[in-house]
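Participant: The structure under discussion is supplied below as structure tokens; questions concerning it will follow.
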Amino acid sequence: MSGDHIHPEPTSFLKKHVFSVDHKVIAKQFLWFGLIWLLVGGVMAMMIRWQLANPGSPVPVIGGLLFPRTGGVIDPASYNMLFTMHGTIMIFLGLTPVLIGAFGNWCIPLMIGARDMIFPLLNMLSFWTVALGGAVGFYSLFVPLGATEAGWTGYPTLSTTVGTQGDGETLWAVAVFLIGASSIMGGINYITTIIRLRAPGMKWSDMPLTVWGLFFTAVLNVLFLPVIGSAMLLLIMDRVFGTSFYVPASIMSGASGGDPILYQHLFWIFGHPEVYILILPAWGIVADLLSFFARKPAFGYKVTVGAMFAVTVLSAVVYGHHMFTTGMYAMLGESFMLLTMIISVPGEILFFNWLHTIWRGSLRLTTSMLFALGVIFVFGLGGLTGLYLATISTDIFLHDTYFVVGHFHLTMAASALFGAFGATYFFFPKMFGRMMSEKLGKLHFWLTIVPLTVVFCTMFISGYGGMPRRYYDHTSADYLVPLQHLNTITTHSAFLLGAAQLIFAWNFIRSRWWGPKASDNPWEVGTLDWQMPTPVPHYNFKEIPVVKTGPHEFSHPKLGDRDWIPQTEELPA
Amino acid sequence: MNALRSLFSFPTKAVAAVLATPLALGLLSAGATAQDVAKRWGPTDPASTFGEDFQYLFWLITTLVSVSFAIVCVLLLIPVLRDRAKPGKKAHYDHGSSLHDKRFTAVVSLIVFVVLDAWVLVVAMKDLREGYWNIPAPDDEKTYKVEVLAQQWAWNFRATGADGEFGTADDILSTNTLVVPKDRPVSLNLTSKDVIHAFFLPDMRVKRDANPGAVNIAWFQPVVDGEFDILCAELCGYAHYQMHGKLQVLEKGVFDEWEQEASRLAVAAHDAEDTEAHWAWEWQE
Amino acid sequence: MNTLTLVLAGAALSTGLAFPSDPASDEDGHGSAALPPTPTHVRAPHDVVLEVTEDTWLKAPGEDWFEAQAEAQPGRFEYVEELVEIDGDYEAGWRDNEGEFEYRYDPEEDELAYWQFVSAEQLTRGRRDYVQFCASCHGFDGAGYGRSAQHLRPPPRNFTKPAFKFSKVASSQLPSDEALVRLVKRGLDGTPMLPWALSDEQLGDIVQYVKSLSPPGRGWRDIYAEVGQIVESGDDPWAGRKAEALERGEEVYHGTARCHSCHPGYVTPARFTEITGGEVREDFTYPLAKATDKYDVDGHPVLLLPPDFTWHDIRSGTTPLDLFETIASGIGGTAMPQWKGSLPDEDIWAMAHYVHDLIENYKDKPVERSRFMSGLRRGN
């Protein structure tokens, strides 16, 4: 096994920083890659919000540059392109690389005491595959007719040549396929590494919850990314070779046809687990951070793991709730409604365990801790509003309105992003050897959570008002004109939210090169990753540590002055 | 913790500049959207028999969700305010793995399942059986049947006209305008020529996809007369946002007269030889 | 229940597609003797061309237009005595200092004509916008058989047989760029032709592309074609005198113009006799003259009813100005004649007001309409 041998550190720049097989370098590559895409996706979001609050007026500053033919105004086609690419980029190129790629790569070997991933080369390939996918997606913005305009869900027949021409949609499908392939490589690597390379003495129940979250995510990745991959392949066949997997006979010139609903099934079999693919690592990180900064053991560790496992299993059997208006058989719909609602039980268990963890703790409100607490807040909002959408008789009205937009942004975007921010502030000292500014961090937190809540809660009101999503201009229909003021509120808060992220960017870049030097264990936690020197040496552990304690042994009564203990030390009897 | 204290100076100006940007953008957009229109903070009053059930269930869920969220917030705020780190203070050492804790978890789970899920589920199932899935019998005289053929970017409607049969000369055809009677169940057969659309009547609390290649079914019963908007709720291309029509609900007497007249005009406009213009399908239920 | 891929009256959607082949277009005298290809509403091919490689010249407006433009945009168009050299002689003409219009001489025709130069780049931009926004109905080749056009009556315009209905220019003329842009911007009520919220530059490109779909020797590729401007409306002569306008409009509608011979009449028999000075007509039940003669829509005989203003959607706009322009310019290809010239503008305006009033008061108002129409029948 590769973890057993220590190869000399590569010396050439290319081997060391670009085509590195070192999980730490790959983690940083994923991090930078993801953050840049988050910026791109974020700018797109700002443009979408601008258009919605000011339909048909030119985008200030960048409009003239991006949309020269319309004098800076976003035209309907470009608008569709923007929200499609915003969704695709944020999910596949922003959050996935940061949460799973960067922190998965960083945390798993260090936290379980391994020298590297079990398949380092596959690991490198995983990054370069997603990079290629990103490049294909980015390139699609510049082909004739621009990038795809069929929405990030890419429903046929709109996504076949019936609805979209040019190469944009085809390239989009190729990009998603590549990104999916990358996630599968990563997933196989994570699962095998966690199973095989845990340090001696590390039982399954000694793993930090971050690792558990990443483990379940990896399982979902390996199981469900192949489904979206096959859906994309069929779509590419339909577009390029003129097959008709998704095009019904009624709009074919020939006799045989397919079924557009097939795609919806394939997409959501993947699409619903994808929500949990993004949120499970965040849950794991949050559960750890809450324990670390409350200086208290994670409450009900095994129950938490069990709840995460239950969510993982359930995520595979609830996808039908995305299709209640498609024309699903009534009994099937009701089954999906019941199954979806059952998710609230493990969800509630997680919440109570987190809240129990901080109860009677000794809370250090660092920026990471604030973001972890923020996840409880935003995921509370997002998760609970899922109840409206799980219930068929309310979903029929709310489906495809801004209610849905608010709901999934709070769950899979805001919560996952908060998890990512918390993790960034937390792991930064070990990754880059410097501290991020706590003052700026806290400012970033408050300037994020307040406008974010306003943005997405206003969307709930818009959605309850009946405002459909993916509309270029909500003032076009009489019914929607009285709701337009909500768009203005959302947009203004969104601008503030967007601007607040610049504080993070500034903090990140400045701290990366000019921040104060970090000590080896600034947060005083016991997991293996914080027990090694900063910067982490090549091949991590000169000698593989032996684990003797759980990851969350804080404030043990017999510990004396110190309220934490490394996992390599034994608890005093 | 030493490292934490040695922070570099606070860049006040940079932060101020960052925050000024959205304010400036906000001012720009405030000028562009200054409109004197009535504002609304929710949907219009329900105009169909589904309306009350929907409102009731929506607010039931809102109440349950609000209470749950309030509990979460309180349990979040108490430790944040009370249990902050102080010198010499140690956290309570508790793994939460005792039998007592497990029992607590089980009880809370049960409460959540019964109150949050089962309650809503029971109400929803009742609503569905009496409402959305209680599709009116097509043979019933009272049922007003409409075939909806969606396309990029318009709604084509076909009603049977006076003879109650589809595919005859007196079928009432219209684009983007649908006229229906008040207090009679309106049954819809939906399909599409090209991409997926969704037939959305916000005032009636109805939404159903129109899929190409298959017929989808929906129904509603208007209880208020007047004019309402028809929207498309499934991304269908560039002019998705412009794909709307008008629903006109007429009182019984007025409607019957309208139907007679519409049929008469339809017969006049019918061209038996122009087969390309004809479309209709066997009623699906 | 219904995710089933239903047979969908399998016939209804998939076999109702073929038009009866149409011998009429042979006699048109243009093109080859071959029948026009059977229109099929098929899914888009996966190899739609997005590039136009050749520059082209399209018929431009005549002298009058240049004179008007020279006034409107001083410095752009210049009249030059010696513009081009043809066989040693210099011909006079207008020069466009911005280079969009060129002067070309066609020796075979022995006539001077203005052609608008359209670059391949502009056509490519237009083509791409066309593919995105227009092709679903008008088809990728512009022939009007887009996938979403099936069953539409009247069918979408076929740009390869350049004739336009609602562009508000005299029906014998080709519409000017301004007229086409305005039409696309406004859309056609009651049809899937939407008011397109595109920029002027996009619309300009789309219009040039659409014009370039004219076959050789026809439409904008015809040297004899006339490009007409939107019909002139002048000021509303009835401003402030609405009641008089309505009365005059009623008289013209049922009298001089005899609109009721195709459209319904909207007066009582007694009033009709009064207007016409003795003619008797008991029933205006629509349609008075059932349109047995079909209109040739792109080679296919199609029954198109003249609208009842109290019932049908009026495609080309319902403001008095819209109606004036429609009545004044006529609707090409249909029985609706061009009234400008045969009636004084004042009367056309009066009719516009009258029709506008009918629409305002009775369209989409079933109660009022029913009362009005039955009142006419009862004679009060």
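The values are calculated or read from the model by the stated rules, or taken from the named source; none is laboratory data. Quick caveat, the model's predicted, so the values are computed rather than measured. Reconstructed Cβ throughout: ideal geometry from the backbone, glycine too, with neighbour counts over all protein chains shown.
Participant: Condition (residue is within 30 Å of B:Leu235 (Cβ to Cβ) and aromatic (Phe, Trp, Tyr)) applied to the range B:124-136: is it met by at least one residue?
Facilitator: yes
Participant: Every residue in the range A:474-483 that is facing chain B (nearest Cβ under 7 Å) and either crowded, with 19+ Cβ neighbours inside 10 Å or in contact with a His (Cβ under 6 Å, 6 or more places away or on another chain) (or both), please.
Facilitator: Answer for the range A:474-483, where residues must be facing chain B (nearest Cβ under 7 Å) and either crowded, with 19+ Cβ neighbours inside 10 Å or in contact with a His (Cβ under 6 Å, 6 or more places away or on another chain) (or both): A:Ser476, A:Ala477, A:Tyr479, A:Leu483.
Participant: Do any residues in the range A:517-538 that are within 14 Å of chain B (Cβ to nearest Cβ) and more than 21 Å from A:Phe554 (Cα to Cα) have Cβ atoms under 7 Å from those of residues that are modelled with pLDDT under 90 and buried (at least 18 other Cβ atoms within 10 Å of the Cβ), where the two are at least six apart or on different chains, and which pairs are they?
Facilitator: Sorted first by the residue in the range A:517-538, then by its partner, the pairs are A:Ala518/A:Thr534; A:Ala518/B:Ala3.
Participant: Only residues that are assigned to a helix (DSSP H, G or I), hydrophobic (A, V, I, L, M, F, W, C) and more than 13 Å from the chain's Cα centre (by Cα): list them for the range C:177-206, please.
Facilitator: Within the range C:177-206, C:Leu203, C:Ile206 meet the criteria.
Participant: Which of (1) crowded, with 24+ Cβ neighbours inside 10 Å; (2) over 19 Å from the mean Cα position of the chain (by Cα); (3) farther than 26 Å from A:Val176 by Cβ is the odd one out, the single condition A:Val286 does not satisfy?
Facilitator: (2)
Participant: Looking at A:Met81, A:Met90, A:Met85, A:Met124, can you tell me which residue is within 14 Å of chain C (Cβ to nearest Cβ), of a type in the set (A, V, I, L, M, F, W, C) and crowded, with 19+ Cβ neighbours inside 10 Å?
Facilitator: Being within 14 Å of chain C (Cβ to nearest Cβ), of a type in the set (A, V, I, L, M, F, W, C) and crowded, with 19+ Cβ neighbours inside 10 Å holds for just one of A:Met81, A:Met90, A:Met85, A:Met124, which is A:Met81.
Participant: Hey, another quick one. Mind telling me which of the residues C:Pro337, C:Pro366, C:Pro344 ends up being farther than 21 Å from C:Met193 by Cα, under 14 Å from the mean Cα position of the chain (by Cα) and not aliphatic (A, V, I, L, M)?
Facilitator: Going through C:Pro337, C:Pro366, C:Pro344 in turn, the sole match is C:Pro337.
Participant: So, in the range B:44-70, of the ones that are aliphatic (A, V, I, L, M) and at the interface with another protein chain (Cβ under 9 Å from one of its Cβ atoms), which residue ends up farthest from A:Thr366 (Cα to Cα)?
Facilitator: Among them, the one singled out is B:Leu57.
Participant: How many residues, within the range A:35-53, are without any contact (Cβ under 8 Å) to a residue 60 or more places away in the chain and either among the small types (Gly, Ala, Ser) or farther than 25 Å from A:Leu99 by Cβ (or both)?
Facilitator: Of the residues in that region, 1 qualify.
Participant: Sticking with this structure for a sec: Tell me the residue from A:Ile503, A:Ile449 that is at the interface with another protein chain (Cβ under 7 Å from one of its Cβ atoms), touching a residue at least 40 places away in the same chain (Cβ under 8 Å), part of a helix (DSSP H, G or I) and within 21 Å of the chain's Cα centre (by Cα), please.
Facilitator: A:Ile503
Participant: So, one more: Would you be able to tell me the number of residues in the range A:296-325 that are out of contact with any Ser or Thr (no Cβ under 7 Å at 6 or more places or on another chain) and either in a helix (DSSP H, G or I) or within 12 Å of another protein chain (Cβ to nearest Cβ) (or both)?
Facilitator: Number of matching residues: 18.
Participant: Would you be able to tell me the number of residues in the range B:153-175 that are assigned to a loop (DSSP other than H, G, I, E, B), in contact with a helix residue (DSSP H, G or I) (Cβ under 7 Å, 6 or more places away or on another chain) and within 13 Å of another protein chain (Cβ to nearest Cβ)?
Facilitator: Result for the range B:153-175: 3.
Participant: Something else now. Test of understanding: among B:Val195, B:Val267, B:Val180, B:Val249, which residue is within 24 Å of C:Gln150 (Cα to Cα) and buried (at least 22 other Cβ atoms within 10 Å of the Cβ)?
Facilitator: Answer to the selection: B:Val195.
Participant: Quick check on this structure: which one of A:Trp514, A:Trp530, A:Trp564, A:Trp523 is at pLDDT 90 or above, over 29 Å from the mean Cα position of the chain (by Cα) and among the aromatic types (Phe, Trp, Tyr)?
Facilitator: Of A:Trp514, A:Trp530, A:Trp564, A:Trp523, the one residue that is at pLDDT 90 or above, over 29 Å from the mean Cα position of the chain (by Cα) and among the aromatic types (Phe, Trp, Tyr) is A:Trp564.
Participant: Could you list, in sequence order, the residues of the range A:401-439 that are over 28 Å from A:Phe460 (Cα atoms) and part of a helix (DSSP H, G or I)?
Facilitator: Those that are over 28 Å from A:Phe460 (Cα atoms) and part of a helix (DSSP H, G or I): A:Ala423, A:Thr424, A:Tyr425, A:Phe426, A:Phe427, A:Phe428, A:Pro429, A:Lys430, A:Met431, A:Phe432, A:Glu438, A:Lys439.
Participant: Please verify whether the range A:163-177 includes one or more residues that are under 30 Å from C:His138 (Cβ atoms), under 17 Å from the mean Cα position of the chain (by Cα) and β-branched (Val, Ile, Thr).
Facilitator: No: the range A:163-177 contains no residue that is under 30 Å from C:His138 (Cβ atoms), under 17 Å from the mean Cα position of the chain (by Cα) and β-branched (Val, Ile, Thr).
Participant: Continuing with this model, one more query. Residues A:Ser159, A:Ser182: which one is on the phi < 0 side of the Ramachandran plot and part of a helix (DSSP H, G or I)?
Facilitator: Just one listed residue meets the conditions, A:Ser182.
Participant: What pairs come up if the first residue lies in the range B:40-65 and is more than 13 Å from A:Phe397 (Cα to Cα), the second is of a type in the set (Phe, Trp, Tyr) and surrounded by fewer than 19 Cβ atoms within 10 Å (Cβ to Cβ), and their beta carbons are under 8 Å apart, counting only those six or more places apart or on different chains?
Facilitator: B:Leu60/B:Trp119; B:Leu64/B:Trp119
Participant: Only one of B:Leu235, B:Leu247 is touching a Leu at 6+ places or on another chain (Cβ under 8 Å) and either at the interface with another protein chain (Cβ under 8 Å from one of its Cβ atoms) or part of a helix (DSSP H, G or I) (or both); which?
Facilitator: B:Leu235
Participant: Would you mind telling me which numbered condition in (1) surrounded by fewer than 20 Cβ atoms within 10 Å (Cβ to Cβ); (2) more than 22 Å from the chain's Cα centre (by Cα); (3) more than 14 Å from every other protein chain (Cβ to nearest Cβ) A:Asp116 fails?
Facilitator: Unmet condition: (1).
Participant: Please specify each residue of the range A:548-567 satisfying the condition of being over 17 Å from A:Phe292 (Cβ atoms) and assigned to a loop (DSSP other than H, G, I, E, B).
Facilitator: A:Lys548, A:Gly560, A:Asp561 - these are the residues of the range A:548-567 that are over 17 Å from A:Phe292 (Cβ atoms) and assigned to a loop (DSSP other than H, G, I, E, B).
Participant: In addition: Is there a residue being away from chain B (no Cβ under 14 Å), among the polar types (S, T, N, Q), assigned to a helix (DSSP H, G or I) and touching a helix residue (DSSP H, G or I) at 6+ places or on another chain (Cβ under 7 Å) anywhere in the range A:24-44?
Facilitator: yes
Participant: Something else: Would you say C:Val210 is surrounded by 21 or more Cβ atoms within 10 Å (Cβ to Cβ), modelled with pLDDT under 90 and either within 24 Å of C:His353 (Cβ to Cβ) or not basic (Lys, Arg) (or both)?
Facilitator: no
Participant: A further question on this structure: Give the residues of the range A:432-446 that are more than 12 Å from every other protein chain (Cβ to nearest Cβ) and buried (at least 23 other Cβ atoms within 10 Å of the Cβ), sorted by residue number.
Facilitator: If the condition is that a residue be more than 12 Å from every other protein chain (Cβ to nearest Cβ) and buried (at least 23 other Cβ atoms within 10 Å of the Cβ), then A:Phe445 is the only one that fits.
Participant: Further question: Within the range B:136-152, is even one residue at the interface with chain A (Cβ under 10 Å from one of its Cβ atoms) and more than 29 Å from the chain's Cα centre (by Cα)?
Facilitator: Looking for residues that are at the interface with chain A (Cβ under 10 Å from one of its Cβ atoms) and more than 29 Å from the chain's Cα centre (by Cα), one finds none in the range B:136-152, hence no.
This table checks each residue for (1) modelled with pLDDT of 80 or more; (2) out of contact with any Asp or Glu (no Cβ under 9 Å at 6 or more places or on another chain); (3) outside the structural domain of C:Met373 (by TED's automatic domain parsing).
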{"site": "C:Thr256", "(1), (2), (3)": "yes, no, no"}
{"site": "C:His260", "(1), (2), (3)": "yes, yes, no"}
{"site": "C:Thr292", "(1), (2), (3)": "no, yes, no"}
{"site": "C:His300", "(1), (2), (3)": "no, no, no"}
{"site": "C:Gly333", "(1), (2), (3)": "no, no, no"}
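Participant: Assess whether B:Ser192 counts as being within 14 Å of chain A (Cβ to nearest Cβ) and among the polar types (S, T, N, Q).
Facilitator: Answer is yes for this residue.
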